[in-house]
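One structure below.
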Amino acid sequence: MSGVGSGYDLAATTFSPDGRLFQLEYAGKAVDSAGTVVGLRCKDGVVLGVEKVIRSKLLVKGSNRHVHSVDTGMGIAVAGVLPDGRYMVNRAISEAANYKSFYGQPMLGHVMCDRLSQFMHLFSLYGGVRPMGTTVFLAAYDRNGPQLYQIEPSGISQRYFGCASGKGRQQARTEIEKLDLKELTCAQAVKEIARIMYTIHDETKDKPFELEMSWVSDDTGRKHVRVPEEVVSAAVEEAKRAIEEADMSD
Amino acid sequence: RGGWGGMAGQAQAVSTGTTIVAVAFDGGVVLGADSRVSTGTYVSNRASDKITPLGGQAFLCRSGSAADTEAISDYVRHFVRQHEGELQEDPDVATVARMAMSINYQNKDRLMGAMIVAGWDAHEGGQVWSLPIGGTLVRTPWAIDGSGSTYIWGFLDSEYREGMTEAETVEFVKTAVALAMARDGSSGGVIRTVTVTAEGSKRGLFTGKSIPQFQDELPEPAWVR
């Protein structure tokens, strides 16, 4: 398709003459073409939502998990290549457990973010491996308050009020920017994420999807857990109704 | 043989036969120690400093084998430094205490370090953590250790009160160490204190006349200026 990176894109350890690392950019493209993932850092916690494209009608609902808890108060949503994401999740679980064992205290969000960034970055330093084709959304609620981090395949990590990745990221970001994230509560955020996901989903062109959500908030006792099934369903119903009403009034 | 402990015949390990004390108050802690280091009956250092900073606002009182506790404190300072780099702030006193404990526990068959970690942090305020030989870690309002501590358990059990001020706690610690020094041959010299609060740490040194005297002490001769 493209001859842009010809010759300089064969290994993550090779720069191009204009200073680009093509393998990292390609890894980013793997994330960009996968299902949309949205994270919102609210006044009282953090909410994560994943658009899980349903590949087969035979799949059991709730399988193919994209969101995992890595410590009591921390969770990760995987965007992009799921097996690479699972590798990051397992690493995070291991980091959190070892930290707790040695220091006697739960790992802080910003420390986990640093650890995962350094880990992602490793894969662009050696010739025998490839970068992770995944962007990690890290939700944490510790003594420094609720935090949302996004760690990219290159190892770049940033802290966000709201972020999105995947196919619908541009539209999702536009919607996120309209929200007042300083005042938004997690309960409201669940509804907003459902609304955003259904708004950007094109019924005619896109495959059906399942919405998987998790949160860590004051109401969950600062534990990272899946958003209860009823709450997600109610949010989805409300989102569908709101979109129908908007369509009808056009 | 015998005579100078360590210089002829069997060498005896350098020991901090010691008195160490740490007491928490509302707003901080006061750590106190004597300054005698002995090799058998020979006092190899009569003015040593048994209170070591570990990093952040955490300090270590050392008793037992001098070599072991010095080595442990070096390791803990190293770990604390690495941890600070990742945390980008001072570690909690509880974390520092735990690091010291894990060295004691994982090497329990080789080490003889009876220590107290005490300090102040923004999350729990003033804290005292006991680290006896073997690798226990337990937080207490006050802690004592070393050979001299046997003589002052009754004093602390009876006289410790919650809600003392900083000045009262310094006097309390000074009195405790002085009482132990009076009866324990392996404790003596000067009394060193460290007071740790939100504002930082202050060192105190009490020598000669400023060390409280008790019963049976010889009165000072009239010709002493």
* Asked: Under the classification rounded if a/c is under 1.5, otherwise prolate if a/b is larger than b/c and oblate if not, where does chain A fall, given a ≥ b ≥ c as square roots of the Cα gyration tensor eigenvalues?
  -> oblate
* Once you sort the root eigenvalues of the Cα gyration tensor of chain B as a ≥ b ≥ c, which label holds: rounded (a/c under 1.5), prolate (a/b larger than b/c) or oblate (the other case)? -> oblate
* To do: Write down the accessible area per residue of the range A:144-189 in Å², having rolled a 1.4 Å probe over the full set of protein chains.
  => 49
* Tell me, how many Å apart are the Cα centres for the range A:63-113 and for the range B:188-225? -> 53
* Computed over the range A:15-162: relative contact order in percent, which uses C-alpha pairs under 8 Å that are six or more apart -> 29
* To do: Go ahead and set up a Gaussian network model of chain B, Cα springs under 10 Å, then flag whichever of B:A143, B:A47, B:A118 fluctuates most.
  => B:A47
* To do: Could you go through the range B:27-41 in sequence order and give the Karplus-derived ³J(HN,Hα) for each residue, using 6.51 cos²θ - 1.76 cosθ + 1.60 with θ = phi - 60°, rounded to whole Hz, and x for Gly and Pro?
  => x, x, 9, 10, 9, x, 7, 7, 9, 8, 10, 10, 10, x, 8
* **Relative contact order [Cα under 8 Å, 6+ residues apart], the range A:182-250, whole percent** => 41
* Residue-wise, which Karplus ³J(HN,Hα) couplings in Hz belong to the range B:185-200, taking 6.51 cos²θ - 1.76 cosθ + 1.60, θ = phi - 60°, and x for glycine or proline? -> x, 8, 10, x, x, 10, 9, 10, 10, 9, 10, 10, 9, 4, 7, x
* Asked: Hey, got a sec? Which trypsin sites (Lys or Arg not before Pro) in the range A:54-112 land in a DSSP loop and have at most 13 other Cβ atoms within 10 Å?
  -> A:R55, A:K57, A:K61
* With +1 on each Lys and Arg Cβ and -1 on each Asp and Glu Cβ, and nothing else charged, work out how big the dipole of the range B:66-213 is about its Cα centre, in Debye to the nearest 20. => 520
* With θ set to phi - 60° and the Karplus curve 6.51 cos²θ - 1.76 cosθ + 1.60, what are the ³J(HN,Hα) couplings of the range A:50-62 in order, to the nearest whole Hz, using x for Gly and Pro? -> 10, 8, 9, 5, 8, 7, 8, 5, 7, 5, 6, 4, x
* Between chains A and B, what is the buried accessible area in Å², counting both sides, with a 1.4 Å probe and ligands, DNA and RNA left out, to the nearest 100? -> 1100
* Asked: Which chymotrypsin sites (Phe, Trp or Tyr not before Pro) does the range A:81-187 hold that lie in a coil by DSSP with at most 11 other beta carbons within 10 Å?
  -> A:Y126
* With springs only between Cα atoms under 10 Å, which of B:I116, B:I144, B:I152 fluctuates most in a Gaussian network model of chain B? -> B:I152
* Residue of A:S101, A:S217, A:S154 that the Gaussian network model of chain A assigns the largest fluctuation, springs spanning Cα pairs under 10 Å -> A:S101
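What's the carbon and sulfur percent of the range A:102-207's accessible surface, probe 1.4 angstrom, rounded to a whole number? Don't skip to the end; give the middle numbers.
Values: 2370 of 4800 Å².
The C+S portion of the solvent-accessible surface of the range A:102-207 is 49 percent.
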* To do: Quick one: which residues, 5+ away or cross-chain, put their amide H under 5 Å from the amide H of B:G27? H built at 1.01 Å from N.
  => B:G126
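Leaving out ligands and nucleic acids, note down the accessible area per residue over the range B:89-215 with a 1.4 angstrom probe, in whole Å². Show your work: numbers first, answer last.
Working: 5960 Å² over 127 residues.
In whole numbers, the range B:89-215 has 47 Å² accessible per residue.
May I ask you to derive the relative contact order of chain B, considering only C-alpha pairs under 8 Å and at least 6 residues apart, and to give it as an integer percent?
That works out to 26 percent.
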* **Label-point gap, in nm, between B:F214 and A:D32 - each point 7 angstrom along Cα→Cβ** => 7.8
* To do: Assign unit charges at the C-beta atoms only (+1 for Lys and Arg, -1 for Asp and Glu), then state the dipole size of the range A:119-250 relative to its Cα centre in Debye, rounded to the nearest 20.
  => 780
* Run the accessible area of the range A:8-60 with a 1.4 Å probe and give the carbon-and-sulfur part as a rounded percent. => 59
* To do: Count the net charge of all other residues whose Cβ sits under 12 Å from the Cβ of A:E238, scoring Lys and Arg as +1 and Asp and Glu as -1.
  => 0
* What residues in the range A:73-109 lose 50 Å² or more of accessible surface when the other protein chains are added to their chain alone (1.4 Å probe)? -> A:F102, A:Y103
* Carbon and sulfur: what percent of chain B's accessible surface (1.4 Å probe)? -> 50
* To do: Pick out, from A:Q188, A:A242, A:Y8, the residue whose Cα sits farthest towards the positive end of the charge dipole of chain A, with +1 on the Cβ of Lys and Arg and -1 on the Cβ of Asp and Glu.
  => A:Y8
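Which value, in debye to the nearest 20, gives the size of the charge dipole of the protein assembly as shown about its Cα centre, when Lys and Arg are +1 and Asp and Glu are -1 at the Cβ?
1320
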* Asked: Check A:H224: other-chain or 5+ apart residues with amide H under 5 Å from its amide H, H built from backbone geometry?
  -> A:G73, A:M74
* Reduction of at least 50 Å² in accessible surface, 1.4 Å probe, comparing all protein chains with the chain by itself, residues of the range B:92-119 -> B:R98
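Grab the DSSP H runs of the protein assembly as shown that are 4 residues or longer, score each as -39,500 (n - 2.57), total them, divide by all residues and round the 222 nm result to the nearest 500 deg cm²/dmol.
So the calculated ellipticity at 222 nm is -10500 deg cm²/dmol.
The values are calculated or read from the model by the stated rules, or taken from the named source; none is laboratory data. Small disclaimer: the values here were computed from a predicted structure and weren't measured. So basically every Cβ, Gly included, is an ideal-geometry build from the backbone, and we count neighbours across all protein chains shown. Side chains are part of the model used for accessible areas, which takes the heavy atoms of the whole protein and leaves out ligands, DNA and RNA. Shrake-Rupley method; radii C 1.70, N 1.55, O 1.52, S 1.80 Å.
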